[in-house]
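Every number here is computed from the coordinates shown, using simple stated rules; none is lab data. It should be emphasised that the depicted structure is a prediction, and the values quoted were computed from it without experimental measurement. In this analysis, Cβ positions are derived from the backbone assuming ideal geometry, glycine residues included, and neighbour counts consider all displayed protein chains.
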Amino acid sequence: MKRLGRWWIATLPVALVVLSGAIWFGHRGGNSTGSGSEHFVQPAKRANFVVNVTTTGELRADKFVQIVGPSSQESQVFQTKITWMIPEGTTVKEGDRVAELDRTPAETRRQTVNLEVQKADAEFTNAVLDSALTLAQAREDVRTAEYALEEKKLARAQAEYEAPTLKRQAQIDFEKAGRAFEQAKKSLDTKTQQAAAKLSISAANLQRSKHNLEAVENAIDEFTVHAPSDGMVIYLREYGGRRKGVGSNYYIFDPVVATLPDLAHMQSVTYVNEVDVHRVAVGQPVAISLDADPTKRLTGRVISVANVGEQHPNEDAKVFEVVIDIAQADTTLRPGMTTANGIQVRSVANALSIPLRAVSIDSGFLYVYKQSSDGIARQMIEAGETNATEIVVKRGLTETDRILLDPPSKDRVTRTIRLAGVAATSSHR
């Protein structure tokens with residue numbers, strides 16, 4: 001016959017071998033023979049029976065203010081490192097220095113942009129000079145064409161009384177001079193428009209380069225990160241649970257350096273194994289204690305259960321994030337503190353329960369040893385819910401029964417009492 005262990009906990013037939021077996025063998029060395037006084041005896045009890053899923057969690061604030069560094073992409077400084085941070089847990093005032101970022105990438109970018117500004121400025125100056133020379137020449141061409149037109153006009157007037165051929169030639173020369181004058185004016189208009197367009201492009205390039213330089217310089221000023229409000233500095237957790245601190249990478253698309261939590265409203269974030277997560281639901285009550293102060297007792301309730309599991313390092317099974325809201329406001333609570341959470345997943349009112357240690361299994365049926373008028377009887381039971389230490393007895397015992405926590409020697413068992421209609425348990429269920 002075997003003692004049952006904790007394989008019952010997931011479902012009724014899957015409960016007790018490891019825990020109870022270890023305890024049983026530990027006691028049988030000194031308690032398997034002799035009088036009944038050598039065995040621990042405990043009465044069955046009737047009370048509200050609670051089934052808990054026990055987890056370890058970590059405190060965090062429900063609300064917090066983010067401390068951020070430069071986030072503008074205009075500077076094109078997309079990544080750097082954190083070179084200094086104020087110690088975690090420090091209370092700061094608004095405007096206090098919290099962190100310093102490595103300025104090397106920004107300084108390199110500033111030098112590059114500064115050269116672009118100088119180049120754009122030179123190109124703009126050249127465009128102004130080229131336009132001035134081109135337009136001056138075009139205006140001179142207009143005046144020259146105008147003078148030529150005036151000369152041809154006089155020549156035509158003088159040829160009014162000349163031979164028809166000379167008169168016709170003078171008219172042709174006048175018309176040519178007129179067309180040359182009109183062409184010179186159109187050329188001046190075209191070159192004026194071209195100059196304006198060229199100057200506009202050069203000015204825009206210069207303005208853009210200056211804007212880029214200003215963006216880089218503004219970003220460099222933000223490389224000294226200040227607190228946006230009063231509060232206690234708490235480091236940010238990165239992927240894998242590591243805290244963002246000195247030496248961590250900083251990205252402008254993830255500009256949060258640290259947080260200033262609201263300590264008046266705290267939560268415990270925990271992870272439940274995939275075997276137990278189906279029993280956890282929003283609204284379930286939670287008993288909470290702190291590793292830092294085991295005497296402190298808090299209460300809470302489950303406010304969210306993740307739908308998708310995570311694979312954590314050094315863990316074979318997947319776990320699901322569960323967030324627990326803490327009911328009490330306590331100024332001694334700090335983000336990052338470790339909590340022990342007892343999530344009440346089920347409760348049985350007025351249930352008869354006995355220690356898990358007292359239950360044995362034989363051929364798939366559950367038994368306990370109880371004191372009776374004629375000695376010690378081996379009593380079959382029909383069991384219900386279990387928790388970490390106790391099991392509910394549906395049939396087979398009453399409140400008046402006194403049970404042995406450890407099995408006696410076989411010669412002291414006077415009889416076996418079986419129950420009808422009890423199905424055998426199976427460790428494969």
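Based on DSSP H segments of at least four residues, each scored -39500 (n - 2.57), the chain has a per-residue ellipticity at 222 nm of -11000 deg cm²/dmol. The aspartates and glutamates whose alpha-carbon is closer than 19 Å to the alpha-carbon of Lys210, local same-chain residues fewer than 8 away aside, are Glu74, Glu107, Glu116, Asp121, Glu123, Asp221, Glu222. Amide H contacts of His312: Val319, each under 5 Å away and 5 or more positions distant or on a separate chain (H built 1.01 Å from N in the peptide plane; Pro and chain starts excluded). Maximal additional length on extending the Ser289-Ala423 stretch stands at 44.3 nm, based on 0.36 nm per residue less the C-alpha distance. Phi-derived couplings, Karplus 6.51 cos²θ - 1.76 cosθ + 1.60 at θ = phi - 60°, listed residue by residue for the range 88-100: 4, x, 6, 8, 10, 9, 4, x, 5, 6, 10, 8, 10 Hz, with x used for Gly and Pro. For the chain, modelled as a GNM whose springs connect Cα atoms under 10 angstrom apart, the maximal fluctuation among Ser289, Ser372, Ser353 occurs at Ser372. Name the residue, out of Ser373, Ser268, Ser75, whose mean-square fluctuation peaks in a Gaussian network model built on the chain with Cα pairs under 10 Å. Evaluated over the chain, the most mobile residue of the options is Ser373.
Rounded if a/c is under 1.5, else prolate if a/b is larger than b/c, else oblate: which is the range 107-221, with a ≥ b ≥ c the root eigenvalues of its Cα gyration tensor?
Working: a/c = 7.99, a/b = 6.25, b/c = 1.28.
In terms of gyration-tensor shape, prolate.
Here Val128, Val392, Val308 are placed in order of increasing Cβ neighbour count within 10 Å, fewest first, which gives Val308, Val128, Val392.
Kirkwood hydrodynamic radius, the range 276-429, all distinct C-alpha pairs: what's the number in Å? Intermediate values should be presented prior to the final figure.
Details: mean 1/r = 0.0525 Å⁻¹.
It works out to 19.1 Å.
Once you compute Rg and the Kirkwood Rh from C-alpha atoms, what is the Rg to Rh ratio for the chain? Please report the intermediate quantities before stating the final value.
Numbers: Rg = 45.4 Å, Rh = 30.5 Å.
Here the Rg-to-Rh quotient is 1.49.
Close amide H contacts of Ala383 (hydrogens built in the peptide plane, cut-off under 5 Å, sequence separation of 5 or more or a different chain): Lys394.
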